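Data block below; observations after.
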Amino acid sequence: MLKKINVTILGILFATTQLFASGFQINEHSARAMALGGAFTGLANDPSAVYFNPAGITQLSGTHLMAGVTLIVPKSTFRGPSPAITEWELEKQIFNPINFYVTHQMSEKFHLGFSVNNPYGLGTKWPSDWVGKYMAVETEIRTFYFNAVAAYEVSKQFSLGFGFTYALGDVLISRMQNLSPFNADAEISLEGNGSGAGFNFGLLFKPSENFSIGAAYKSRVNFKFEGDATVTAPKQFNGLIPTGKIEAPLTAPDVLSFGIGVKPSDNLTLSADLQFTMWSTYDKLEITFKDFVDSKTGKPMVTSSVRDYEDSFIGRFGAEYVVSSMMTLRAGFLYDKNPVKDERVDPTLPDADRLGFNAGLGIKLADNLSLDLAYMFLRFSERKIDNSLESYSGIEDSVAPMNGVYNSVAHLFAVNLSVNF
Amino acid sequence: MKKINFSIIGILIVFAVAFWSCEDRTDLTEPGAPSLGNADFSTFVSFGNSLTAGYQNGALYESTQKYSFGNLIAQQVGANYVQPLISDPGIPGRLEVKSIEPFEVVTNTTLGQPKNTSYGKPYNNLGIPGALLVDFLQAKDASTSISGDNIFFDIVLRGNGTELEQAISLKPTFMTLWVGNNDILGYATRGGTVPHTPTDLFAQLYGQLAGAIATQTNAKVVVANIPGVQAVPYFTTVGPGVAQAIKPAVDAGLAVGVFYNTNGQIGATAPNNVATVDALVKGDVLLTLTLSSYGYTDLIGQPTGKFYRDNGIDPALVGADTTKPFGLHPANPIPDAFVLDPAEIQEVNNTVESFNQTIAGIASANGWALVDVNAFFKQTAANGYVANGVKFTTQYVTGGLFSLDGVHPTSQGYAIIANLFIDKINEAFGANIPKVNVTTIPGSLVLAKVSFDKYGIPKLDKNAFANFPF
């Protein structure tokens, strides 16, 4: 008679979870590029080119090392669910993606490079008793991409680069599960890690000293995450909620970017990028509970959720002004179109279109040593949802739309040290 | 250098604008009060019994009193609404789920305490669990109630007069009136072994009550009628389970069905007092949840004299043969108190119909709006009811509508009832009160430890319904 109860509990496990979404994508992988609004594909003239456009490393002679960290301080609030106007705020978290680059000129035309980056590495953490607790409490993803590239200078005007990526990742998703009709909640956590591989390539065309065009492509990375589901629930639910080993394939999307660099005067460089991220390829998330048999199919339980993203783009603009042989000033701007449709926005990831305002400077500390600093203020446009298909009640089939207003901002601080010899 | 300063200032301005504009709070306005039409909730009083009190899981307690239908309506309209709160786990002993598989319900023997006893006025929620129609007119405390010892009269009334007197003294501008359920439920839940309020007396008492409200208050009134028993899991859960349990024996020609006592008879029964598998499945004969809570369902088919031992009766004196399989032999039948046989079901149905005609007639004569709760439960029993996308049924526990006592709604069930009232208020008074989102009301089956047996019959603590006022 009660068989139905556990089916209900299973049906809505992680109905919506967005991991490789733009909200978790980090595009800031060096202080200099960040200060330029990330418009670097067409310049690619420092070691971070290994990430941004591997063809660019042909511009670097000798050996270069560069390392840095970006501090990301996001702040998000949700007011709702409508008609309520209660404001809920994300708990404070600071993320610190690192970056490391090395390039080496092997011969006149042949260069090698290597990088370590965290292209996905953010998370959200809401209070465990908040109104959206059945949708999201804590979500976090961390990835390390190890990228080895080779670049070849085909001619003075034209270079190309190609690389392989090996990626490691771990994810944590935790939220509350409504055990209605019982007067109880369960806390469900999924933790897993996995690895994947991909490739990248880039082109750089530099018809004159004052003008360059670049293009770069980073392939998707198919991660196969494996891990554990843990459940904290009243003991009456022992065996009724799936736990144990889980498996979830997740794909980080393809990214394609085009950029130009222009040098109107000796001191001034301008750059612009257009970045496309192919979110639309990934429209569902499936989690297999390997230890838990679905009574309907007799096979391991699989939960699936619709993500339904649209492709998106980011427009980037940067300016760099050489003040003196010791100091360079930079500024930038970006516009990031978010891929999540209004009706699918959920607090796992309070995403919205963003405007980024960037500033930074480069200081030459010694002949072969330089320091870059950058700051970005990322302003998310206020996002008012009034057609949400996401329910906050935590009950299967329930229509309790998570309508309301999301407001987010983020502050980013980046520092890099570069040395060449 | 001038040029640089200029660009730095430019950047600062852009930043300032960006920071400033991020504090956009243009739509931070409290939602406006709903239009109430010509309904006036400045003094809102709910008049009734356990269903008005917000009683569920066999008890009245604070954490679900806030989901009484009256309090939910009060919240939707922004009315002041004070209830006789009782701290958890409530009174008189809350039913809790001990285990889900198998499903097992126990009574929490800890009692709660009345909280706001010094509130200076009569409560807005005057629901008294267990109150009969005559009690509303006469009972001033537990000792003057018909039962003689129902503590809820003391808790709600506090020695300040009858429920009716207190309601009138509040000078209500709006009232819900849902009474009369217990005048038939006592008969039905005890298998027809105790009398129900006669229909003519019911009409007289209801008329008296309604007359007082109509003449001594200026309240706008919405009344609700009485649901029949076929929709209530207290009556519909055990029979189909027993049918499933005995079917193999019946198919093998070893039994014909379950024999039962009727008409107050104890001991051996007539061979025609038998419920076939078909009758149990269809609900032509209803077995009460108490058959399970007293531990008798497990004994069906076994030679047992448990019922006689439990009640201090010598089976030989009443012609029972406890060596015969319990329930499956006319000499060892299922006792009368656990069975509504076809004649008793007919009696219940006729009585409910008569009560409801009285209610409808008096409501109409006074120009009061009527919530047809009976029709709602009938339809829900047949087809289920979808609230905010979620389907509710009248199934015990899994249906989501009824609490562990099998008679009273869950918090979500009360929210659905609140919405039935709101629909009626909106219709009758030209109001525009928003309905409660039922799916955002928390589940209310309390977990202690859960056992349906393999036939789907819930195992209940033997004291589960011992002190069970309706």
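The values are calculated or read from the model by the stated rules, or taken from the named source; none is laboratory data. Since the model is a prediction, treat every value here as computed from it, not as a measurement. Here the Cβ positions follow ideal geometry from the backbone for every residue, glycine too, while neighbour counts run over all protein chains shown.
One table, with the values for the structure above:
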| item | result |
| --- | --- |
| Unmet criterion (only one of (1) within 13 Å of chain A (Cβ to nearest Cβ); (2) surrounded by 22 or more Cβ atoms within 10 Å (Cβ to Cβ); (3) at pLDDT 95 or above) for B:I422 | (1) |
| Within region A:75-102, tally of residues that are in contact with a helix residue (DSSP H, G or I) (Cβ under 9 Å, 6 or more places away or on another chain) and surrounded by fewer than 22 Cβ atoms within 10 Å (Cβ to Cβ) | 1 |
| Single condition A:G56 does not satisfy, out of (1) over 17 Å from the mean Cα position of the chain (by Cα); (2) small (G, A, S); (3) within 20 Å of A:Y406 (Cα to Cα) | (3) |
| Scan of region A:315-335 for residues that are away from every other protein chain (no Cβ under 14 Å) and crowded, with 24+ Cβ neighbours inside 10 Å, ordered by number | A:R316 |
| Extreme residue, farthest from the other protein chains (Cβ to nearest Cβ), among residues of region A:366-401 that are closer than 28 Å to A:A272 by Cα and over 22 Å from the mean Cα position of the chain (by Cα) | A:N368 |
| Residue match in region A:219-229 (condition: basic (K, R), closer than 30 Å to A:G42 by Cα and assigned to a strand (DSSP E or B)) | no |
| Candidates B:N125, B:N150, B:N116 - the one that is under 25 Å from B:V407 (Cβ atoms) and either touching a Phe, Trp or Tyr at 6+ places or on another chain (Cβ under 9 Å) or among the aliphatic types (A, V, I, L, M) (or both) | B:N125 |
| Any pair with Cβ under 6 angstrom, 6 or more apart, that starts in region B:233-261 at a residue that is at positive phi and ends at one that is surrounded by fewer than 23 Cβ atoms within 10 Å (Cβ to Cβ) and not in a helix (DSSP H, G or I) | B:G257/B:V274; B:G257/B:T276 |
| Where A:Y51 falls short, out of the listed (1) touching a Gly at 6+ places or on another chain (Cβ under 8 Å); (2) at pLDDT 95 or above; (3) not in a strand (DSSP E or B) | (1) |
| Residues of region A:228-240 satisfying the condition of being more than 8 Å from chain B (Cβ to nearest Cβ) and surrounded by 20 or more Cβ atoms within 10 Å (Cβ to Cβ) | A:A229, A:A233 |
| Unique match (being within 9 Å of chain A (Cβ to nearest Cβ), surrounded by fewer than 20 Cβ atoms within 10 Å (Cβ to Cβ) and modelled with pLDDT under 90) among B:K449, B:K391 | B:K449 |
| From the options B:V386, B:V348, B:V407, B:V352, residue that is assigned to a loop (DSSP other than H, G, I, E, B) and either of a type outside the set (D, E) or more than 14 Å from chain A (Cβ to nearest Cβ) (or both) | B:V407 |
| Identity of the residue in region B:59-101, away from chain A (no Cβ under 14 Å) and under 26 Å from A:K235 (Cβ atoms), that ends up modelled with the highest pLDDT | B:S87 |
| Pairs where the first residue, in region A:61-77, is more than 25 Å from A:R383 (Cβ to Cβ) and the second is in a strand (DSSP E or B) and modelled with pLDDT under 95, C-beta under 8 Å, 6+ apart | A:G62/A:N420; A:T63/A:N420; A:H64/A:N420; A:L65/A:N420 |
| Odd one out for A:V415, checked against (1) under 30 Å from A:D185 (Cα atoms); (2) more than 9 Å from every other protein chain (Cβ to nearest Cβ) | (1) |
| Some residue of region A:294-307 being part of a loop (DSSP other than H, G, I, E, B) and either in contact with an Asp or Glu (Cβ under 9 Å, 6 or more places away or on another chain) or within 19 Å of A:L250 (Cβ to Cβ) (or both) | yes |
| All strands (runs of 3 or more DSSP E) inside region A:312-421 with 2 or more residues being touching a Pro at 6+ places or on another chain (Cβ under 9 Å) and at positive phi | none |
| Qualifying residue in region A:278-287 (condition: under 21 Å from A:A229 (Cα atoms) and crowded, with 16+ Cβ neighbours inside 10 Å) | yes |
| Residues being of a type outside the set (S, T, N, Q) and closer than 30 Å to B:V97 by Cβ - total across region A:219-236 | 6 |
| Wholly enclosed strands (runs of 3 or more DSSP E) of region A:76-148 bearing at least 1 residues at pLDDT below 95 and under 27 Å from A:T348 (Cβ atoms) | A:87-89, A:123-125 |
| Single residue of A:S189, A:S265, A:S212 found to be farther than 30 Å from A:F164 by Cα and more than 14 Å from chain B (Cβ to nearest Cβ) | A:S189 |
| Residue within region B:163-173 that is hydroxyl-bearing (S, T, Y) and either touching a Cys at 6+ places or on another chain (Cβ under 9 Å) or surrounded by 20 or more Cβ atoms within 10 Å (Cβ to Cβ) (or both) present | no |
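Conditions tested, residue by residue: (1) at pLDDT 90 or above; (2) touching a Phe, Trp or Tyr at 6+ places or on another chain (Cβ under 9 Å); (3) surrounded by 19 or more Cβ atoms within 10 Å (Cβ to Cβ).
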| residue | (1), (2), (3) |
| --- | --- |
| B:I226 | yes, yes, yes |
| B:A245 | yes, yes, yes |
| B:L254 | yes, no, no |
| B:F259 | yes, no, yes |
| B:D284 | yes, no, no |
| B:Y294 | no, yes, yes |
| B:P303 | yes, yes, no |
| B:Y308 | yes, no, yes |
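For every residue, the table says whether it meets (1) assigned to a helix (DSSP H, G or I); (2) more than 18 Å from B:S68 (Cβ to Cβ).
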position: B:G130; (1), (2): no, no
position: B:F136; (1), (2): yes, no
position: B:D154; (1), (2): yes, yes
position: B:P172; (1), (2): no, no
position: B:T193; (1), (2): no, yes
position: B:G207; (1), (2): yes, yes
